[in-house]
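Worksheet for the structure shown next.
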Amino acid sequence: MPRGLGALAVLGAAFLVLPPAALVWRAPWGSTLHRLADPATLEALRLSLVSASSATALSLVLGVPLAWFLARSAARRVRLLRALVTVPLVLPPVVGGVALLLLLGRRGLLGQYLDAWFGVQIPFTTLAVVLAEAFVAMPFLVVSVEGALRGLDRRFEDAAATLGAGAWYTARRVVLPAVAPGLAAGTALCFARALGEFGATITFAGSLPGTTRTMPLAIYLALQSDPAAAITLSLVLLVASVVVLVALRERWVPELRP
Amino acid sequence: MIAARLLVRRAGFTLDVDLTVGPGEVVAVLGPNGAGKTTVLRALAGLEAVDEGRIANDDTVWDDPATGAWVPPQGRGVGLVFSEHLLFARMSALENVSFGLRARRVDRRAARARSLEWLARLGLTELADRRPDELSRGQAQRVALARTLATRPRLLLLDEPLAALDATVRGEVRRHLADYLRGEHGGCLLVTHDPVDATLLANRAVVLEDGHVTQDGTPGELATAPRTAWTAKLLGVNVYRGTSDGARVSLDGGGTLTAASAPTGAVVLTVSPASVAVHRDRPAGSPRNVWPVTVTAVQQTGHTVRLTLEGTPPISADLTPGAVAELGLAAGAHAWASVKANEVRAEAR
Amino acid sequence: MRRVRTRAAALVAVLVVGALAGCGASTTPHTEVTVLAAASLTDVFGSLAHTFEADHPGTTVRLSFAGSSSLVAQALAGAPADVLATADTATMQRAVDADAVRNPAIFADNSVEIAVPPGNPAHVTGLADLADPTRTVALCAPQVPCGAAARATFAAAGLTAAPDTLEQDVRAVLTKVELGEVDAGIVYRTDVAAAGDRVQGIRVPADVAATNDYPIAVLTHAAHPDLAAAFLALVRSSTGAAVLRSAGFGTP
């Protein structure tokens, strides 16, 4: 590595590490513990973990097949589709929330029929939180898994087929294990993004304690009236996400263990 | 008995091949890169469909675009071994060998027992629990062979199975392969670049050039009577095209050679490198063909040294290391080549 | 916790002072009177500033809009300004306590109103409908002023609100009403007036509707106390009252 790059790397690390460090440094540790036991905090944390996990699960169920399709289709035909499905990556999340309302809101393109035919209203429910988070986070999973699938030597699948394995058996025992690191990285990114999701959630799902007010929403609200409380909540979110991501890594991708 | 007529069209390339592989037969497929050898294997394995033609195993049609008949790879009972082992990285050697059996719903214990038998046959018992990254290349390739053979393929397809191995382990893997092929099996198609593989393993050899079969015969027939320069070169034989007046042949590339007997008109001449003599000074005796040459390459292969000689015509000569040393032949040296007329074989073309 | 907040406010103040000073360097010889005003006054004060500049040739009114707490923090940090107008008396009292202003006067009031989508599809008629769990209702979170006002209003009416979402600010409530995603929301009268025909307002009885008084005062460190007093007088004049009322404010 050229020497000049080392200095920039140090700067880059500092840029990413110091702001969270400041958060930890300035945290009102004295009041942290009793705030942790605050039912409202626990409720927001529980809701955040449940909804981010659900959004991640939904992303896996829908995103992995999508990534597979994108990775295995002739490049030109799917170029537009690939660009379209990564739009949520660049869309401001608040706009994403409005877009979801325009589709699934009770006057939305689809939502009006859901309401009229089934009496189903999605906004302001926990399901809306899950959908908003998945909308914003799934592209991370798709991009990461698609990359892993593209990097995989197709001849492993050829070998499996000539050994007598059907497509599902090959997918389960050959392809998924081979892309596991990419899948795990994508899942972790997806979960982290879902956990931190704010804009799309507040726009599409609203903010009601216990139903739709996740940690980021609680933090933003606290910032308006009680910045110290906001810092404490941010720490809780920080710790929760680190714990989950480390656990995920240990459990599913032992190879990535440091 | 596999009978196939394969017609596959790609941009700028057409593969058009008729091929049969009988039970117990080992057919070597030789040919330059890009000749379509791998496409033949992939079509037979069912990894690619033919555009026209028909592939049948006895009475079962595997692929026939005209009738729409199609059997996918997993239904053909074909085994395919690549030059890279392509073992599944997250499985042990034993799990890799069991893979095909488990995919065919053989129960776990039976699959394990049969896999261990195959590992033992290939001398891999000790390595059953190793992961592919803990095996040497030769060991990994033997595991890959065991993985394929454990499924008892009715047609074994080998795509340059020894090409990625270095010389020391190549012989060992080849021996295991030869052991298997000597026994009872459904037939084997071996793609290779190595005439030694073809000679030692195959009953029959097919030369594929630019999508077409240019020669089909025993490896011996190919070596002694190659029909194209590629075959001659691969098997070490000098090939010239020329025009004959009955004895003297003017070569298309320049120079003349005299054959003991030759048809008149367009001919192919072959000269075995072993029959070429090399001298430091112009020889006085009887040879009819004597011409000055320059040594451009000296390469030892086994017990002989292959000299590449530039001249009119250029020629390859095989000498003993002793002779090379005695003559002081090195790249750049000037010398004389001579070939007896009765060593020049001529065929009408 | 208090330290964190004060530091943040000081930082904001420094940035604002810097910005004002930077602009000041390039000004013409004109006199400038600087007004710090609550964000809800943006349209009204913008219009009154034009009137004031027309009446006082050679004078420019600089308007700085922000949340009331931020405005008071700026005033206390010594931002060069002449007039302070906040959206409630409690924040103004902080400025009084710190001697930054004297004798603030109430010039307007604003009270909550029910906003419904055009056509009122859910047939909302009053506060009681917002206590009905079958209706979809958006309120501000109690931590922000519009939410506190909504809570006080329901308490005064003896009702328990049944909100489906507690938004971060009044703008978010209004958006959800405009999109028709909720049947009703509680916002300010001025918000309904500003939204035009995108929403419809339903009055809350005056005896229960929470009302904010808007106080205005001349800053003690004003550079142009006379002009500041003149602007204050314009705001409290009948001209000012007419502009305020057309924007939905009440006037004393």
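The values are calculated or read from the model by the stated rules, or taken from the named source; none is laboratory data. This one's a predicted model, so the numbers in the text were calculated from it and none came from an experiment. Cβ atoms come from the backbone with ideal geometry, glycine included; neighbour counts cover every protein chain shown. Note: accessible area is taken over every heavy atom of the protein model, side chains too, but ligands, DNA and RNA are not part of it. Shrake-Rupley method; radii C 1.70, N 1.55, O 1.52, S 1.80 Å.
Does residue A:144 count as small (Gly, Ala, Ser) and within 14 Å of another protein chain (Cβ to nearest Cβ)?
no
Which one is farthest from the other protein chains (Cβ to nearest Cβ) among residues in the stretch B:45-85 that are open to solvent by 40 Å² or more (accessible area, probe 1.4 Å) and free of Cβ contacts under 8 Å to residues at least 12 places away in the same chain?
Here the residue is B:67.
Restricting to the stretch A:9-48, give me the number of residues that are more than 13 Å from residue A:236 (Cβ to Cβ), in a helix (DSSP H, G or I) and open to solvent by 60 Å² or more (accessible area, probe 1.4 Å).
The total comes to 10.
Enumerate the pairs (first residue in the stretch C:156-178 and within 12 Å of another protein chain (Cβ to nearest Cβ) and under 16 Å from residue C:112 (Cα atoms); second residue anywhere and surrounded by fewer than 18 Cβ atoms within 10 Å (Cβ to Cβ) and aliphatic (A, V, I, L, M)) with beta-carbon separation below 6 Å, excluding pairs fewer than 6 apart on the same chain, so at least 6 apart or on different chains.
C:161/C:131
Condition check: open to solvent by 10 Å² or more (accessible area, probe 1.4 Å), in contact (Cβ under 8 Å) with a residue 40 or more places away in the chain and over 26 Å from residue B:156 (Cβ atoms). Does residue A:197 satisfy that?
no
Of the conditions (1) closer than 27 Å to residue C:173 by Cα; (2) away from chain C (no Cβ under 14 Å); (3) open to solvent by 50 Å² or more (accessible area, probe 1.4 Å), residue A:94 clears all except one; give me its number.
Tallying (1) closer than 27 Å to residue C:173 by Cα; (2) away from chain C (no Cβ under 14 Å); (3) open to solvent by 50 Å² or more (accessible area, probe 1.4 Å), residue A:94 fails exactly one: (2).
If residue C:209 satisfies all but one of (1) within 14 Å of another protein chain (Cβ to nearest Cβ); (2) surrounded by 18 or more Cβ atoms within 10 Å (Cβ to Cβ), what's the number of the condition it fails?
(1)
Under the condition of being buried (at least 23 other Cβ atoms within 10 Å of the Cβ) and of a type in the set (A, V, I, L, M, F, W, C), which residue from the stretch C:155-171 is farthest from the chain's Cα centre (by Cα)?
Checking each candidate, the answer is C:166.
So which residues in the stretch B:182-213 are assigned to a strand (DSSP E or B), among the aliphatic types (A, V, I, L, M) and open to solvent by 10 Å² or more (accessible area, probe 1.4 Å), if there are any at all?
B:213
Among the residues of the stretch A:79-88, is any within 12 Å of chain C (Cβ to nearest Cβ) and outside any helix (DSSP H, G or I)?
no
I'm checking my understanding of the structure. Among residues of the stretch C:114-141 that are under 17 Å from residue C:190 (Cα atoms) and in a strand (DSSP E or B), which one is farthest from the other protein chains (Cβ to nearest Cβ)?
C:114
Quick one: residue C:201 ticks every box in (1) open to solvent by 30 Å² or more (accessible area, probe 1.4 Å); (2) free of Cβ contacts under 8 Å to residues at least 60 places away in the same chain; (3) under 27 Å from residue C:141 (Cβ atoms) except a single one, so which number is it?
(2)
Just the residues that are open to solvent by less than 10 Å² (accessible area, probe 1.4 Å) and facing chain A (nearest Cβ under 10 Å), please, taken from the stretch B:98-121.
B:99, B:100, B:101
Of all the residues that make up the stretch C:98-117, how many are open to solvent by 20 Å² or more (accessible area, probe 1.4 Å) and either modelled with pLDDT of 95 or more or under 24 Å from residue C:252 (Cα atoms) (or both)?
5
Is at least one residue of the stretch C:156-163 out of contact with any helix residue (DSSP H, G or I) (no Cβ under 7 Å at 6 or more places or on another chain), among the β-branched types (Val, Ile, Thr), modelled with pLDDT of 90 or more and farther than 30 Å from residue C:218 by Cα?
No, the stretch C:156-163 contains no residue that is out of contact with any helix residue (DSSP H, G or I) (no Cβ under 7 Å at 6 or more places or on another chain), among the β-branched types (Val, Ile, Thr), modelled with pLDDT of 90 or more and farther than 30 Å from residue C:218 by Cα.
Which residue is farthest from residue B:84 (Cα to Cα), if the candidates are limited to the stretch A:151-174 and must be more than 10 Å from chain B (Cβ to nearest Cβ) and open to solvent by less than 50 Å² (accessible area, probe 1.4 Å)?
Checking each candidate, the answer is A:171.
Output the residue which, of all residues in the stretch A:209-226 that are within 9 Å of chain C (Cβ to nearest Cβ) and open to solvent by 30 Å² or more (accessible area, probe 1.4 Å), is farthest from residue A:32 (Cα to Cα).
Looking at residues that are within 9 Å of chain C (Cβ to nearest Cβ) and open to solvent by 30 Å² or more (accessible area, probe 1.4 Å), I get A:211.
So in the stretch C:142-168, with the set limited to residues that are assigned to a loop (DSSP other than H, G, I, E, B) and touching a Pro at 6+ places or on another chain (Cβ under 9 Å), which one is farthest from residue A:122 (Cα to Cα)?
Selected residue: C:162.
Looking at B:157, B:149, can you tell me which residue is closer than 30 Å to residue B:5 by Cα and crowded, with 24+ Cβ neighbours inside 10 Å?
Going through B:157, B:149 in turn, just one is closer than 30 Å to residue B:5 by Cα and crowded, with 24+ Cβ neighbours inside 10 Å: B:157.
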